[in-house]
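**Student:** Below is a structure I'd like to ask you about.
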Amino acid sequence: MPGTKIGSKTSNKRMTFFVCFLAALAGLLFGLDIGVIAGALPFISAEFNTTTREQEWIVSSMMFGAAVGAIGSGWLSSYLGRKKSLMIGAVLFVVGSLWSAFAPNPEMLIVSRILLGLAVGIASYTAPLYLSEIAPEKIRGSMISLYQLMITIGILGAFLSDTAFSYSGSWRWMLGVITFPALLLLVGIIFLPNSPRWLAAKGNFSEAQRVLDRLRDTSEQAKRELDEIRESLKIKQSGWSLFKENSNFRRAVWLGVLLQVMQQFTGMNVIMYYAPKIFEIAGFANTIQQMWGTVIVGLVNVLATFIAIGLVDRWGRKPTLILGFIVMALGMGILGTMLHIGINSAAAQYFAVTMLLMFIVGFAMSAGPLIWVLCSEIQPLKGRDFGITVSTTTNWIANMIVGATFLTMLNTLGNANTFWVYAGLNLFFILLTLWLVPETKNMSLEHIERNLLSGKKLRDIGSSD
Ligand code: BGC
């Protein structure tokens, strides 16, 4: 039976769309900031004459900031609310982008990238949380994959704008241009409603009801959702004490940590941050070739994310992940072998690029989105905020380690060995996936939680018996 209409159906749909669009814009900024450094770095190092160490720090200072931001945003988003947290994130995006564009020396650039990192850390925790609390139930699942899609579109956008500015060599414009989407986010957030779940958690039920009335089609729907929120609030979030007391919960937290370490140590961000450098190693000496090669990497990353969106609920998480690790191990392994033999002909160069792209497909169709999906599924309700804070922070710390060691690895181990190390890690992750990762396809979160807390093996917490 159709319920009582509140406001107009179209205006409520428009409101929901606007809210989701803005949260997705935060994903886009996350991607822009990850992607921008690859194309800017060669020009920055030429202008400042930087050492390898300095270059690694320019890259990884952002991940350091992001780790701190992710730790802090659990508290921030529950104390100040999701909307205010996102607002702080957006202000930091604007300030950090401008500051980095005007940085007079490598030190200031590093400081500005720590600020940008704080913004990315806050966004990477708060935006998906806000999305999952605002989006209607029917589309909640696809929202996380959509968020990952926005990250990849952001990375591609940054690669494209880097390429456009590379003709003039203006790295300051490459970094500075991100101020515009950051301002758009900031202005948009002013019009965002507070999350109804957060309002209810603060005891402000009438305001929560008002927001839901603006977002849902009928007042019955809005009321039902508020009742559900009220029900779920009876379960108090007690992450840290649960972590100390309950060894079953600890297993879920460690699994979240492991999953994020696996995602980062595939080596994906080595390519995201140092793509032009890798093209140079593969024999493409011309900067313009390197830049366009990098754009193709970004495009393949976006397109292959659709494979994951299509497979995740049909094939399931585990087979898709395993296939992804196999493809990544092959890509990195063959690339390493070619670097070992020497890349001496045009045909060999293009084959090396194909292997690089194969690796990207492997990541984007599996670990890219799936690790985020799994991390949000395995935590029991009582400890969800804590569990996701820990895994998101791990993502950034591991990301920083990868970014901060790649050039040193190339210098000390050599090109071929560096790629072989990553190939070996991807092979190892196949075993870890078989051993520890559960299949959560078509399983309700309550069911997964019951299995986890009853002590079932991690790999079985998604099974129905
Ligand atoms: C990862 C990022 C990575 C991006 C690439 C995300 O899932 O967390 O570290 O740069 O995917 O598309």
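The values are calculated or read from the model by the stated rules, or taken from the named source; none is laboratory data. None of the values given here were measured: they were computed from a predicted structure. In this analysis, Cβ positions are derived from the backbone assuming ideal geometry, glycine residues included, and neighbour counts consider all displayed protein chains.
**Student:** Would you mind telling me which numbered condition in (1) surrounded by fewer than 24 Cβ atoms within 10 Å (Cβ to Cβ); (2) farther than 30 Å from G455 by Cβ; (3) away from the ligand (no atom under 14 Å from the Cβ) I322 fails?
**Tutor:** (2)
**Student:** While we're looking at this one, here's another question. Residues in region 44-56: is at least one within 20 Å of the chain's Cα centre (by Cα), of a type in the set (S, T, N, Q) and either surrounded by fewer than 21 Cβ atoms within 10 Å (Cβ to Cβ) or over 22 Å from F165 (Cα atoms) (or both)? Let's see the steps before the verdict.
**Tutor:** As a first pass, look at region 44-56 and keep what is within 20 Å of the chain's Cα centre (by Cα): none.
No, the conditions are met nowhere in region 44-56.
**Student:** Answer with yes or no whether A252 is more than 16 Å from the ligand (Cβ to nearest atom) and assigned to a helix (DSSP H, G or I).
**Tutor:** Working: more than 16 Å from the ligand (Cβ to nearest atom): yes; assigned to a helix (DSSP H, G or I): yes.
Spelling it out, A252 is indeed more than 16 Å from the ligand (Cβ to nearest atom) and assigned to a helix (DSSP H, G or I).
**Student:** Now a separate question. Out of the residues in region 268-308 that are surrounded by 20 or more Cβ atoms within 10 Å (Cβ to Cβ) and small (G, A, S), which is farthest from the chain's Cα centre (by Cα)?
**Tutor:** Selected residue: A282.
Residues are listed down the side, and each one gets a yes or a no for (1) free of Cβ contacts under 8 Å to residues at least 40 places away in the same chain; (2) surrounded by 15 or more Cβ atoms within 10 Å (Cβ to Cβ); (3) touching a strand residue (DSSP E or B) at 6+ places or on another chain (Cβ under 9 Å):
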{"position": "G414", "(1), (2), (3)": "yes, no, no"}
{"position": "W420", "(1), (2), (3)": "no, yes, no"}
{"position": "L427", "(1), (2), (3)": "no, yes, no"}
{"position": "L431", "(1), (2), (3)": "yes, no, no"}
{"position": "L434", "(1), (2), (3)": "no, no, no"}
{"position": "V437", "(1), (2), (3)": "no, yes, no"}
{"position": "I448", "(1), (2), (3)": "no, yes, no"}
{"position": "L452", "(1), (2), (3)": "no, yes, no"}
{"position": "R459", "(1), (2), (3)": "yes, yes, no"}
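**Student:** When region 291-309 is examined, which residues are found to be more than 17 Å from Y147 (Cβ to Cβ) and either β-branched (V, I, T) or modelled with pLDDT under 90 (or both)?
**Tutor:** Within region 291-309, M291, T294, V295, I296, V297, V300 qualify.
**Student:** Same structure again: Taking the stated definitions as given, is A26 over 30 Å from T218 (Cα atoms), small (G, A, S) and in a helix (DSSP H, G or I)?
**Tutor:** Details: over 30 Å from T218 (Cα atoms): no; small (G, A, S): yes; in a helix (DSSP H, G or I): yes.
It is false that A26 is over 30 Å from T218 (Cα atoms), small (G, A, S) and in a helix (DSSP H, G or I).
**Student:** Also, quick follow-up: Looking at region 272-293, I want the residues that are at positive phi and have a partner that is not in a helix (DSSP H, G or I) with Cβ atoms under 8 Å, at least 6 apart or on another chain. Which pairs are those?
**Tutor:** Here the result reads G283/I343; G283/N344, each pair linking region 272-293 to a residue that is not in a helix (DSSP H, G or I).
**Student:** While we're here: Looking for whichever is within 20 Å of A90 (Cα to Cα), surrounded by 20 or more Cβ atoms within 10 Å (Cβ to Cβ), more than 16 Å from the ligand (Cβ to nearest atom) and modelled with pLDDT of 95 or more here; the options are L175, L185. Which one fits? Lay out the reasoning, then the answer.
**Tutor:** Working: L185 fails: modelled with pLDDT of 95 or more.
Checking each option against the conditions leaves just L175.
**Student:** Separate question: Every residue in region 145-170 that is surrounded by fewer than 23 Cβ atoms within 10 Å (Cβ to Cβ) and either among the acidic types (D, E) or more than 22 Å from G293 (Cα to Cα) (or both), please.
**Tutor:** S145, L146
**Student:** Shifting gears a bit: Looking at the structure I just gave you, is V261 under 18 Å from the mean Cα position of the chain (by Cα) and closer than 17 Å to G154 by Cα?
**Tutor:** Working: under 18 Å from the mean Cα position of the chain (by Cα): yes; closer than 17 Å to G154 by Cα: no.
Judged against the criteria, V261 is not a match.
**Student:** Which condition breaks for K223 when tested against (1) of a type in the set (K, R); (2) more than 30 Å from T305 (Cα to Cα); (3) buried (at least 19 other Cβ atoms within 10 Å of the Cβ)?
**Tutor:** K223 satisfies every listed condition except (3).
**Student:** Name the residue that is farthest from F265 (Cα to Cα), counting only residues in region 375-391 that are buried (at least 24 other Cβ atoms within 10 Å of the Cβ) and within 13 Å of the ligand (Cβ to nearest atom).
**Tutor:** My answer is C375.
**Student:** Could you please let me know if S366 is hydroxyl-bearing (S, T, Y) and modelled with pLDDT of 90 or more?
**Tutor:** Spelling it out, S366 is indeed hydroxyl-bearing (S, T, Y) and modelled with pLDDT of 90 or more.
**Student:** If I ask for residues that are farther than 22 Å from N269 by Cβ and either of a type in the set (A, V, I, L, M, F, W, C) or within 20 Å of the chain's Cα centre (by Cα) (or both), which ones from region 317-339 would you list?
**Tutor:** Passing the criteria: only K318.
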